[in-house]
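Input: a single structure, listed below in structure tokens.
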Amino acid sequence: MKPLASLLLLTTMCAVPACRERPERPVPAEDHADAAPEPTNRVDINASVRQNLGITFARVESRNVGRTLRIPGRFELLPTARREYRAPTAGKVELLVQQYQSVEAGTPLYRFDSPRWRELQRELTDADAAVKLAEAGADSIAPYKDAHERHHTEIQKAVDLWTHRVSALEQVQAAGGARAENVAQANASLATARADLAETFEKEVDLIAREREATAQLEAASSRQRILLEAAASLVGLSSDELLAANGERPSWQAIGQIEVRALSSGVIDTMHTTSGSFVDSNGPVLTTVRPDQVRFRAHALQSDLGRLQDGLPATVVVPQGGSLRDSAGVAGTLTLAPTADAERRMIELVMTPKSDEPLAPWARAGVSAFLEVVVSGIGRDELAIPLACVARDGTQSIIFRRDPADHNKAVRMDADLGIDDGRWVVIKSGVAEGNEIVLDGVYQLMVATSGSITKGGHFHPDGTFHEGDE
């Protein structure tokens with residue numbers, strides 16, 4: 001029996017379990033007395049562990065959580081951010097841009113071949129000819145008036161001469177020296193001269209009427225030409241002066257074959273309502289541009305919050321939790337309440353307009369959903385707060401992991417002493433200071449790994465696996 005007992009004893013000694021292959025070096029009793037005990041609520045999170053587990057951190061901030069109202073909503077374009085380009089008249093379209101292409105003011109958008117433009121060119125040609133004829137008629141009045149004035153002067157001289165002659169003959173006749181025939185002949189010549197003078201007065205009235213008629217015709221022709229030029233300018237998108245500018249030996253409006261429509265302001269091609277080569281009816285839509293940076297945020301709040309909301313309150317749009325946008329900067333602005341509420345839904349619309357003096361965040365685009373944070377009126381003070389996503393539940397306990405300020409490769413497991421929350425941030429009453437880093441992504445993995453073993457401590461291996469103990 002002794003050989004069997006010795007064999008069992010040897011087998012039992014060889015089967016003692018260990019976490020590692022090499023035997024542990026016994027520690028002298030005096031070393032246990034001198035060494036300080038290691039903290040048992042710390043977990044190793046070196047760079048490899050942080051990378052493998054995707055661990056990220058959020059800083060403790062001072063926030064007024066009690067007065068912060070968070071409302072879901074979305075961005076939308078301002079009414080002035082959209083511009084439509086329509087066909088001014090029926091014609092064939094040739095597009096020069098692509099959808100979602102960025103354009104600046106003056107960029108050619110499409111060419112337009114319109115039969116109406118040809119008709120307008122013909123009308124402008126007729127109007128131009130009418131103006132020239134009216135100008136010629138008006139200019140011809142001045143020489144007529146000059147000739148008439150000279151003729152009138154000569155006849156007036158003849159009248160004056162014969163008047164003097166008749167007066168002299170009558171005096172001589174009274175003295176008995178003039179013959180009656182001579183006096184009668186002089187009176188006849190005076191009457192003829194006076195008749196010619198009367199005709200010059202009639203001619204003068206006729207010239208004045210002709211001058212006024214020529215002036216009216218010139219004004220009418222010029223007005224018609226001006227109206228046609230304004231219509232042509234509206235059709236082609238140029239000014240009247242640009243249409244009248246010389247293009248070689250003829251005005252520009254005669255040289256334009258197809259109408260080229262250019263962008264009136266910068267933006268992005270949003271919608272294309274037609275294709276190249278298609279025939280568009282008068283006033284038909286061709287394309288639409290938008291300015292993506294001209295947005296506002298629209299949300300719907302409960303009517304019960306009206307007592308805490310008012311126009312002009314500062315507000316910030318924050319992105320939803322999770323995803324690549326989580327760490328993006330918010331968009332600050334001013335709150336505006338809609339003038340009317342929705343009686344059926346018991347809600348009121350809130351509109352936040354971003355600050356114009358600050359650049360808009362790249363993620364703030366029309367249609368993007370986010371949350372509106374409004375610091376409402378009322379009592380309250382700033383308190384230390386952390387993102388609600390930093391808190392993990394271990395049974396009935398709320399757990400957070402604070403990065404050790406003295407050793408960034410360790411995280412300290414803590415029971416979270418929490419206060420009120422707004423759905424995104426939660427007040428933490430103790431255990432942290434402003435600026436401390438709290439584990440955000442990876443908190444659940446750390447909680448699972450340390451659950452039920454907090455008195456034993458532990459560490460993560462670079463591959464992400466957790467082991468209890470120091471080695």
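Quick notes on this one:
- Of all residues in the range 248-274, those satisfying the criterion of being farther than 18 Å from Leu120 by Cα and of a type outside the set (D, E, K, R) are Gly248, Ala263, Leu264, Ser265, Ser266, Gly267, Val268, Ile269, Thr271, Met272, His273, Thr274.
- Test: Thr455 is modelled with pLDDT under 85 and surrounded by 15 or more Cβ atoms within 10 Å (Cβ to Cβ): no
- Within the option set Val295, Val280, being of a type in the set (A, V, I, L, M, F, W, C), modelled with pLDDT of 90 or more and within 19 Å of the chain's Cα centre (by Cα) holds for one residue only, Val295.
- When the range 273-298 is filtered for residues that are assigned to a strand (DSSP E or B) and surrounded by fewer than 17 Cβ atoms within 10 Å (Cβ to Cβ), the ones remaining, listed by number, are Phe279, Pro285, Arg298.
- Enumeration of residues in the range 212-266 that are modelled with pLDDT under 90, under 17 Å from Ala130 (Cα atoms), loosely packed, with under 13 Cβ neighbours inside 10 Å and of a type in the set (A, V, I, L, M, F, W, C): Ala216
- Applying the set (1) within 47 Å of the chain's Cα centre (by Cα); (2) more than 30 Å from Leu244 (Cβ to Cβ) to His164 leaves exactly one unmet item: (1).
- In the set Gly73, Gly66, only one residue is at pLDDT 50 or above, within 34 Å of the chain's Cα centre (by Cα) and not hydroxyl-bearing (Ser, Thr, Tyr); that residue is Gly73.
- Residues located in the range 345-392, provided they are buried (at least 16 other Cβ atoms within 10 Å of the Cβ), closer than 17 Å to Ala315 by Cα and in contact with a helix residue (DSSP H, G or I) (Cβ under 9 Å, 6 or more places away or on another chain): Ile348, Val374, Val375, Val376
- Just one residue in the set Val236, Val205, Val166 is touching a strand residue (DSSP E or B) at 6+ places or on another chain (Cβ under 6 Å) and among the β-branched types (Val, Ile, Thr); that residue is Val236.
- Those residues of the range 191-202 which are surrounded by 15 or more Cβ atoms within 10 Å (Cβ to Cβ) and over 14 Å from Leu161 (Cβ atoms), in sequence order: Thr200
- Residue within the range 82-90 that is modelled with pLDDT of 90 or more, in contact with an Asp or Glu (Cβ under 6 Å, 6 or more places away or on another chain) and either under 23 Å from Ser278 (Cα atoms) or not assigned by TED's automatic domain parsing to the domain that holds Leu302 (or both) present: yes
- Considering the range 107-144, and only residues there that are surrounded by fewer than 16 Cβ atoms within 10 Å (Cβ to Cβ), charged (D, E, K, R) and more than 30 Å from Ser278 (Cα to Cα), the residue that is modelled with the lowest pLDDT turns out to be Asp139.
Yes or no, residue by residue, for (1) over 30 Å from Leu218 (Cα atoms); (2) more than 53 Å from the chain's Cα centre (by Cα); (3) free of Cβ contacts under 8 Å to residues at least 40 places away in the same chain:
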{"site": "Pro108", "(1), (2), (3)": "yes, no, no"}
{"site": "Thr125", "(1), (2), (3)": "no, no, no"}
{"site": "Tyr144", "(1), (2), (3)": "no, yes, no"}
{"site": "Ala168", "(1), (2), (3)": "yes, yes, yes"}
{"site": "Ala193", "(1), (2), (3)": "yes, yes, yes"}
{"site": "Asp196", "(1), (2), (3)": "yes, yes, no"}
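- Test: residue in the range 326-343 that is outside any strand (DSSP E or B), farther than 24 Å from Phe57 by Cβ and more than 18 Å from the chain's Cα centre (by Cα): yes
- Unique residue being of a type in the set (A, V, I, L, M), in contact (Cβ under 8 Å) with a residue 24 or more places away in the chain and out of contact with any Ser or Thr (no Cβ under 8 Å at 6 or more places or on another chain) when the list is Ala332, Ala338, Ala299, Ala343: Ala299
- Pairs meeting the criteria (first residue in the range 31-60 and farther than 16 Å from Asn409 by Cα, second residue at pLDDT 85 or above and outside any strand (DSSP E or B), beta carbons under 6 Å, at least 6 apart or on different chains) are Arg59/Gly435; Val60/Val432; Val60/Glu434; Val60/Asn436.
- Residues of the range 53-109 satisfying the condition of being closer than 30 Å to Leu120 by Cβ, in contact with a helix residue (DSSP H, G or I) (Cβ under 9 Å, 6 or more places away or on another chain) and not in a strand (DSSP E or B): Pro88, Thr89, Ala90
- Hits in the range 224-254 (condition: more than 19 Å from Pro88 (Cα to Cα), without any contact (Cβ under 8 Å) to a residue 12 or more places away in the chain and hydrophobic (A, V, I, L, M, F, W, C)): Ala245, Ala246
The values are calculated or read from the model by the stated rules, or taken from the named source; none is laboratory data. Note that this is a predicted model, so its numbers are computed, not measured. Virtual Cβ from ideal backbone geometry, glycine too; neighbours counted across all protein chains shown.
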